[in-house]
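**Q** Following this message is one structure expressed as structure tokens.
The values are calculated or read from the model by the stated rules, or taken from the named source; none is laboratory data. Values in this document were obtained by computation on a predicted structure and should not be read as measured data. In this analysis, Cβ positions are derived from the backbone assuming ideal geometry, glycine residues included, and neighbour counts consider all displayed protein chains.
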Amino acid sequence: MGRSPFVLRCVTVTDTEGIEHMSGEINWFELPAEDTARAREFYGQLFGWRTNTFGEDYHVIENGPVGAIAPKDGHLTHPRVYFATDDVDASVRRVQELGGKSEDVQAVPEVGRIAHCQDNQGTPFSLYEPALYEPAR
């Protein structure tokens with residue numbers, strides 16, 4: 001039997017910054033911290049990272065990997081990776097077909113749509129469908 005077309009699909013999507021992402025690549029991560037100020041200082045000294053605040057206590061890394069330092073809470077207790085997808089709804093259905101679980105898809109204004117999931121062994125991950133980039137005319 002051949003491979004599933006879902007596995008072979010390598011669709012490229014373009015996010016709001018005009019950056020192309022191949023479906024399935026890791027395109028975001030979050031590092032949870034009890035104290036985000038201490039975490040920013042630690043990673044700043046370790047890797048030279050600088051951050052910009054997005055929202056109340058969410059700190060986007062500006063000069064390193066694409067990700068953020070975020071407050072640790074009941075949902076974000078360990079580092080979380082986000083995989084790119086061109087269709088988060090179809091990807092959520094596929095996760096469920098394969099025995100995984102998914103929370104409801106959430107819209108993040110001007111960023112895209114995300115879904116927090118678990119694979120069929122309970123390992124958490126998230127899916128991210130970037131908002132479509134529309135160049136200025």
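**Q** Could you check the range 74-92 and list, in sequence order, the residues that are buried (at least 16 other Cβ atoms within 10 Å of the Cβ) and small (Gly, Ala, Ser)?
**A** Selection gives Ala84, Ser91.
**Q** Please identify the pairs in which a residue from the range 115-126 that is assigned by TED's automatic domain parsing to the domain that holds Val95 and β-branched (Val, Ile, Thr) has its Cβ atom under 6 Å from the Cβ atom of a residue that is loosely packed, with under 15 Cβ neighbours inside 10 Å and modelled with pLDDT of 95 or more, counting only partners at least 6 apart or on another chain.
**A** The qualifying pairs do not exist here.
**Q** So if I check each of Gly64, Gly122, Gly44, which one is over 14 Å from the mean Cα position of the chain (by Cα), exposed (fewer than 13 other Cβ atoms within 10 Å of the Cβ) and not aliphatic (A, V, I, L, M)?
**A** The match here is Gly122.
**Q** Assuming Pro71 fulfils every condition listed in (1) surrounded by 15 or more Cβ atoms within 10 Å (Cβ to Cβ); (2) at pLDDT 95 or above; (3) not assigned by TED's automatic domain parsing to the domain that holds Phe29 apart from one, which condition is it?
**A** (3)
**Q** Can you pull out every residue in the range 108-131 that is among the small types (Gly, Ala, Ser) and touching a Cys at 6+ places or on another chain (Cβ under 8 Å)?
**A** Ser126
**Q** Take the residues of the range 26-44 that are of a type outside the set (A, V, I, L, M, F, W, C) and touching a Phe, Trp or Tyr at 6+ places or on another chain (Cβ under 7 Å): which is modelled with the highest pLDDT?
**A** Tyr43
**Q** Only one of (1) of a type outside the set (Phe, Trp, Tyr); (2) surrounded by 13 or more Cβ atoms within 10 Å (Cβ to Cβ); (3) at pLDDT 95 or above is not met by Asp104, so which one is it?
**A** Against the list (1) of a type outside the set (Phe, Trp, Tyr); (2) surrounded by 13 or more Cβ atoms within 10 Å (Cβ to Cβ); (3) at pLDDT 95 or above, Asp104 comes up short only on (2).
**Q** Looking at (1) touching a residue at least 24 places away in the same chain (Cβ under 8 Å); (2) not assigned by TED's automatic domain parsing to the domain that holds Leu127, can you tell me which one Gly55 breaks?
**A** Result: Gly55 fails condition (1) only.
**Q** Something else about it: So is Gly99 over 11 Å from Ser126 (Cα atoms) and at pLDDT 95 or above or not?
**A** yes
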